[in-house]
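First comes the structure, then the notes that go with it.
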Ligand code: BEZ
């Protein structure tokens, strides 16, 4: 009897100690993001957004304090596997957050899958991540490259354009954005007459702009982002092309870039899953908090980082912060509705947001919402077997 009581008391003490240790252990979050190069501002905005949500929860997610680890991936695919393994193997993070560049993100997703580490992609749109590379531990709070670009197709056709030339960087994000636009535009009856490209992250656009002038299409559709987007919009304007051939893009062309683009971007129409002027209580509160914390207005990248932390919170709440319940954590995340500043969204089976895509027009320093171009657009997730 005494013996049995002692055993029971010991068991209870051990359980208490284990739960104490669990609560005391910090959750390890690894940021693999670009902190240098053409996408540096995007990486910083993602980290800011993530940390803002954590701060709003009193510095914890699912009741657990967070320990951050960081790697600058430089948007360099050739270093991506090594960088991912620094976080996975050296730092042994619980969750990976990243990245911006599609080529880097594909290597990150492969490394995460091999190690069975949960990954939340906070920008990179590579279709493959929620296509052939999809998996139970792979999530995205951003978009596929196909999504915003596809939405511009019917919009451009409805505006009376019959022919388009496309121009982008030659890598997964550029190729897939052009593919998405072409699909939407040609389904609507338009024709892409020429696809122009240059290597990432080159910004010597002059000869390609001369070619566009000679081709005289009804419109140009483009994918550029970050520093490259600033330079492209400035060069297009300086060449006088915007007077005769209207320029359209997926919204990265003008997000987080308007201060630098100034007059050259005014009036540009783009499609994206976020916009200025949504004027919902959720977005207004987010924008007020973000500008108070960082002294700047948020952009789409900040929203994607913020929503990654929200998604983690949904998973961690379901397991009361017990990260050893990995399968339950992931299942709760996949079934979550994320109360995003962009508008609430759910995840597809493949783990990608099913979300509204907005048509926006540049007005001053804002990408003002014009209308919802496509409601609840789901990526086709071609090749995902889950
Ligand atoms: C990408 O590489 O997937 C990407 C980079 C910047 C903005 C949008 C997409």
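How do the pairs read when you match residues in region 149-173 that are at positive phi with residues anywhere that are surrounded by fewer than 24 Cβ atoms within 10 Å (Cβ to Cβ), using Cβ under 9 Å and keeping only pairs 6 or more apart or on different chains?
Listed pairs, sorted by first residue: 160/218.
Scan region 127-150 residue by residue and report those that are buried (at least 24 other Cβ atoms within 10 Å of the Cβ), under 20 Å from residue 169 (Cα atoms) and over 10 Å from the mean Cα position of the chain (by Cα).
Matches in region 127-150: 127, 129, 146, 147, 148, 149, 150.
If residue 228 satisfies all but one of (1) closer than 25 Å to residue 52 by Cβ; (2) assigned to a helix (DSSP H, G or I), what's the number of the condition it fails?
Looking at each condition in turn, residue 228 falls short on (1).
Confirm whether residue 46 is modelled with pLDDT of 95 or more, under 21 Å from residue 138 (Cα atoms), outside any helix (DSSP H, G or I) and in contact with a strand residue (DSSP E or B) (Cβ under 9 Å, 6 or more places away or on another chain).
Values: modelled with pLDDT of 95 or more: yes; under 21 Å from residue 138 (Cα atoms): yes; outside any helix (DSSP H, G or I): no; in contact with a strand residue (DSSP E or B) (Cβ under 9 Å, 6 or more places away or on another chain): yes.
Criteria not met by residue 46.
Specify which of the listed residues (280, 324, 346) is at pLDDT below 95 and out of contact with any helix residue (DSSP H, G or I) (no Cβ under 7 Å at 6 or more places or on another chain). Quick ask: steps written out before the conclusion?
Numbers: 280 fails: at pLDDT below 95; 346 fails: at pLDDT below 95.
It is 324.
Within region 139-158, work out how many residues are assigned to a helix (DSSP H, G or I) and in contact with a strand residue (DSSP E or B) (Cβ under 8 Å, 6 or more places away or on another chain).
Restricting attention to region 139-158, the residues satisfying the condition of being assigned to a helix (DSSP H, G or I) are 146-158.
Checking the rest, the ones that are also in contact with a strand residue (DSSP E or B) (Cβ under 8 Å, 6 or more places away or on another chain) come to 147-152, 154-156.
Residues that pass the stated criteria total 9.
Which of the residues spanning region 55-83 are part of a helix (DSSP H, G or I) and touching a strand residue (DSSP E or B) at 6+ places or on another chain (Cβ under 6 Å)? Please lay out each step first, then the result.
So the first thing to find is which residues in region 55-83 are part of a helix (DSSP H, G or I), and the list is 55-56, 77-83.
Matches in region 55-83: 83 only.
Determine whether region 159-174 contains at least one residue that is touching a helix residue (DSSP H, G or I) at 6+ places or on another chain (Cβ under 8 Å), within 14 Å of the ligand (Cβ to nearest atom) and assigned to a helix (DSSP H, G or I).
The answer is yes, given that some residue of region 159-174 is touching a helix residue (DSSP H, G or I) at 6+ places or on another chain (Cβ under 8 Å), within 14 Å of the ligand (Cβ to nearest atom) and assigned to a helix (DSSP H, G or I).
For region 114-121, does any single residue satisfy the condition of being within 24 Å of residue 306 (Cβ to Cβ), within 10 Å of the ligand (Cβ to nearest atom) and in contact with a helix residue (DSSP H, G or I) (Cβ under 7 Å, 6 or more places away or on another chain)? It would help to see each step written out before you state the result.
Just the residues of region 114-121 that are within 24 Å of residue 306 (Cβ to Cβ), to begin with: 117-121.
Retained after the next criterion (residues that are within 10 Å of the ligand (Cβ to nearest atom)): 121.
Remaining after also requiring in contact with a helix residue (DSSP H, G or I) (Cβ under 7 Å, 6 or more places away or on another chain): 121.
Yes, some residue in region 114-121 is within 24 Å of residue 306 (Cβ to Cβ), within 10 Å of the ligand (Cβ to nearest atom) and in contact with a helix residue (DSSP H, G or I) (Cβ under 7 Å, 6 or more places away or on another chain).
Identify the single condition in (1) surrounded by 24 or more Cβ atoms within 10 Å (Cβ to Cβ); (2) free of Cβ contacts under 8 Å to residues at least 60 places away in the same chain; (3) farther than 20 Å from residue 136 by Cα that residue 74 does not satisfy, given that it satisfies every other one.
(1)
Among the residues of region 85-103, what is the count of those that are part of a helix (DSSP H, G or I) and more than 18 Å from residue 50 (Cβ to Cβ)? Talk me through it step by step, then tell me what you get.
We begin by selecting, within region 85-103, every residue part of a helix (DSSP H, G or I); these are 85-90, 102-103.
Then keep just the ones that are more than 18 Å from residue 50 (Cβ to Cβ); that gives 85-86, 88-90, 102-103.
So the count comes out to 7.
Scan region 291-319 for residues that are in a helix (DSSP H, G or I) and farther than 19 Å from residue 332 by Cβ and jot them down.
Step one: of region 291-319, the residues in a helix (DSSP H, G or I) are 291-294, 300-318.
Of everything in region 291-319, those that are in a helix (DSSP H, G or I) and farther than 19 Å from residue 332 by Cβ turn out to be 291, 292, 293, 294, 300, 301, 302, 303, 304, 305.
The values are calculated or read from the model by the stated rules, or taken from the named source; none is laboratory data. Note that the structure is a prediction, hence the values are computed from the model and not measured. Here the Cβ is made from the backbone with ideal geometry for all residues, glycine too, and neighbour counts use every protein chain on show.
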